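Read through the structure below, which is laid out as structure tokens, and then see the notes.
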Amino acid sequence: MANHTDQTIQTKQTLKTSIPEIVALVGAIAGLAVYLVTSTTGYMAGQGVSVAAIALSVVAIVALIVKIALGSRLGDVLNDVLTVGSEALLIGGFALFVLARVRLAADIYFIPVNYPASEETALNISVIGVACYLIAIIALIVKAFTAKDVARAIISVEPAAPAVA
């Protein structure tokens, strides 16, 4: 019975510690989906898709899935590498997503003369994708700076015996 209780507690702790990764995974998938939809349909349909943005995001998503699925079995170093690596990959995908939308934002916000409604729709949907990427990035930053469960040793200092002369 005690073994089952220990396993339940360990499962709850694992789930609790992987919530930022789950949030990051959902945000990354949503951000990538928005990027693909806005890049291939509507106003931006013929302007091309960044293969690098897609590849960086997909590799980050795979790394997050591995970290969530195998987290406690991978070891501390590999967990940290997956966290930092997926963070860096998401930042790269996010940067490429935003850079592809700079001209679009400039046309709407700084040259507001006779732009088609589909251009504004593409930008508004892209802002949602950017927000999803930001949520994923922030969740991983939070995860990277949270305390780890570390077994701590207690060191006690006892007074030394008096020297005998």
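The values are calculated or read from the model by the stated rules, or taken from the named source; none is laboratory data. Keep in mind the model is a prediction, meaning the values are calculated, not measured. Every residue, glycine as well, gets a Cβ built from its backbone with ideal geometry; the counts of neighbours run over all protein chains shown.
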Restricting to region 91-108, what's the tally of residues that are within 14 Å of V34 (Cβ to Cβ) and buried (at least 17 other Cβ atoms within 10 Å of the Cβ)?
7
Do we have any residue at all in region 109-132 that's at pLDDT below 90, touching an Asp or Glu at 6+ places or on another chain (Cβ under 8 Å), over 14 Å from A28 (Cβ atoms) and surrounded by 17 or more Cβ atoms within 10 Å (Cβ to Cβ)?
no
